[in-house]
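Everything below concerns the one structure shown next.
The values are calculated or read from the model by the stated rules, or taken from the named source; none is laboratory data. None of these values were measured; they are calculated from a predicted model. Backbone-built Cβ (ideal geometry, glycine too); neighbour counts: all protein chains shown.
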Amino acid sequence: MTPREHFLRALQRQPVPRPAVGSATSLATADLMDEVGASFPEAHLDAEKMALLAGAGRTLLGYDNVMPLFSVWHESAALGCEVEWGEKHRMPGCRTPLCGSLRDEIRIPRDLLKRPGCAVPLRALALLKRRFGDDAAVVGKVFGPWTLGYHVFGVETFLLATLEEPDAVRRALKTLLEVTVQFGRAQIEAGADALTLADHATRDLCSPKAYEGFLREIHHELKERLRGPIVLHVCGDTSDRIGMIRTTGMDCFHFDSKVPASKARALAGDAIALMGGTSNLAVIRKGAPEIFAADVREKLRHRIEILGPECAVPLDAPWRNLKAFADEARRQPLPV
Ligand SMILES: [Zn+2]
């Protein structure tokens, strides 16, 4: 069975002969950029460099998938946000929101997918598909309308509006949803085998009531309209909403170590595959073999389908640790 098949079968909760290892989010570290000769910010802006760095997730680190969208800003840049693309040791950011108020009309540019923010990752996905074929699952990444709301209006303005102008928020989410759909479908057409749908509906920024009231239905709609295997990624402690997420039809949930694997499994039941849950700070960055072995054992005991880091790895983590974790994950037997 090829690594691509391992990843895609595990994503659908189908039997695999060894644990699948992968990540829905970035595996790029500063020393990996040095190793392969493709660094931020160019790896966000140049399709060749982006594909080279993402490909190292398979060729050097030994994961079963590759994922080239390292930052959270691509579709927002294409929408018009003025993104500062960072550097090797710093992720990109954006200081000025695009709109000052939820009453401002959001216009989706007609050439959204041709703008560099979208066009570069689309080209990189096509390159990865051509290069890896069956050897690695090619995973794209889109952001959901909740995250796009933070980017377009600023976090504070957006969150305040969820309390004061819920109807305006619903209208904005409905418009921004179309950005996620356009970009996601284009990624699948470009060669992505599956998509990460990341939405920062983290507990401290989005109450369970807000998830239920604003987002659950939208996530369900996204799963229907994106027409591919979808991994939902939400950071932080999501134990109060995994029960809701399992009803959205998502294929897989990429969870944070703030939810213990036993709890994530109990809440997800058999309805949805689980990925990640390995702490970037306490496990990946530490890098001790016995810590890796214990973490992998724990994840396998709770039938986590795809092993890997909980979220984008810190830029200062050593790539050799990421490789050692993947080696350990592939080596351990699956529970009978
Ligand atoms: Zn995250």
Item to check | Hits in segment 250-267 (condition: among the hydrophobic types (A, V, I, L, M, F, W, C), farther than 19 Å from Val296 by Cα and more than 16 Å from the ligand (Cβ to nearest atom)) | outcome: Leu267
Next on the checklist: Can you tell me which of (1) more than 17 Å from Gly140 (Cβ to Cβ); (2) under 17 Å from the mean Cα position of the chain (by Cα); (3) at pLDDT 95 or above is the one Glu224 doesn't meet?
Outcome noted: (2)
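Residues being assigned to a helix (DSSP H, G or I) and either within 16 Å of the ligand (Cβ to nearest atom) or within 14 Å of Pro309 (Cα to Cα) (or both): count how many of those fall in segment 16-38. Before the answer, list the steps.
Residues of segment 16-38 assigned to a helix (DSSP H, G or I): 30-36.
Next cut, either within 16 Å of the ligand (Cβ to nearest atom) or within 14 Å of Pro309 (Cα to Cα) (or both) only: none.
Residues that pass the stated criteria total 0.
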Checklist entry - What number of residues within segment 192-215 are modelled with pLDDT of 95 or more, part of a loop (DSSP other than H, G, I, E, B) and more than 16 Å from the ligand (Cβ to nearest atom)? => result 2
Next on the checklist: With the requirement that a residue be touching a residue at least 40 places away in the same chain (Cβ under 8 Å) and within 16 Å of the ligand (Cβ to nearest atom), what does segment 283-321 give you?
Outcome noted: Val283, Ile284, Ile306, Gly308, Pro309, Glu310, Cys311, Ala312, Val313, Pro314, Leu315, Ala317
Next on the checklist: Exactly one condition in (1) surrounded by 22 or more Cβ atoms within 10 Å (Cβ to Cβ); (2) within 30 Å of Leu159 (Cα to Cα); (3) touching a helix residue (DSSP H, G or I) at 6+ places or on another chain (Cβ under 9 Å) is false for Val66; which is it?
Outcome noted: (2)
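Among Ser71, Ser76, Ser101, which is the only one that is closer than 18 Å to Val313 by Cα and polar (S, T, N, Q)?
Values: Ser76 fails: closer than 18 Å to Val313 by Cα; Ser101 fails: closer than 18 Å to Val313 by Cα.
On inspection, the qualifying residue turns out to be Ser71.
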Checklist entry - How do the helices (runs of 4 or more DSSP H) wholly within segment 230-313 filter down when requiring 3 or more residues that are within 20 Å of the chain's Cα centre (by Cα): which remain? => result 242-245, 261-268
Next on the checklist: Looking only at segment 144-172, filter to residues that are away from the ligand (no atom under 16 Å from the Cβ), in contact with a Leu (Cβ under 8 Å, 6 or more places away or on another chain) and among the hydrophobic types (A, V, I, L, M, F, W, C); which one of those is nearest to Phe70 (Cα to Cα)?
Outcome noted: Val152
Checklist entry - Is it the case that some residue within segment 46-55 is in contact with a Ser or Thr (Cβ under 9 Å, 6 or more places away or on another chain) and free of Cβ contacts under 8 Å to residues at least 24 places away in the same chain? => result yes
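With respect to Gly57, determine if the residue is farther than 25 Å from Gln182 by Cα, of a type in the set (Gly, Ala, Ser) and at pLDDT 95 or above.
On the way: farther than 25 Å from Gln182 by Cα: yes; of a type in the set (Gly, Ala, Ser): yes; at pLDDT 95 or above: yes.
Spelling it out, Gly57 is indeed farther than 25 Å from Gln182 by Cα, of a type in the set (Gly, Ala, Ser) and at pLDDT 95 or above.
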Checklist entry - In this structure, does Glu310 turn out to be among the charged types (D, E, K, R) and in contact with a Ser or Thr (Cβ under 8 Å, 6 or more places away or on another chain)? => result yes
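Which residues, taken from segment 84-114, are out of contact with any helix residue (DSSP H, G or I) (no Cβ under 9 Å at 6 or more places or on another chain) and of a type in the set (Asp, Glu)? Reasoning before the result, please.
Taking segment 84-114 as the starting set, the residues that turn out to be out of contact with any helix residue (DSSP H, G or I) (no Cβ under 9 Å at 6 or more places or on another chain) are 84, 87, 90-91, 93, 95-96, 110.
Selection gives Glu84, Glu87.
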Item to check | Residue tally, condition in a loop (DSSP other than H, G, I, E, B) and either touching a helix residue (DSSP H, G or I) at 6+ places or on another chain (Cβ under 7 Å) or of a type in the set (Asp, Glu) (or both), over segment 148-165 | outcome: 1
Item to check | Subset of segment 283-298 [touching a Ser or Thr at 6+ places or on another chain (Cβ under 7 Å) and of a type outside the set (Val, Ile, Thr)] | outcome: Asp295
Checklist entry - Does Glu178 satisfy being part of a helix (DSSP H, G or I), among the acidic types (Asp, Glu), at pLDDT 95 or above and exposed (fewer than 15 other Cβ atoms within 10 Å of the Cβ)? => result yes
Item to check | Search result, residues across segment 216-249 that are farther than 21 Å from Arg9 by Cα and within 16 Å of the ligand (Cβ to nearest atom) | outcome: His219, Val234, Cys235, Gly236, Asp237, Thr238, Ser239, Arg241, Ile242
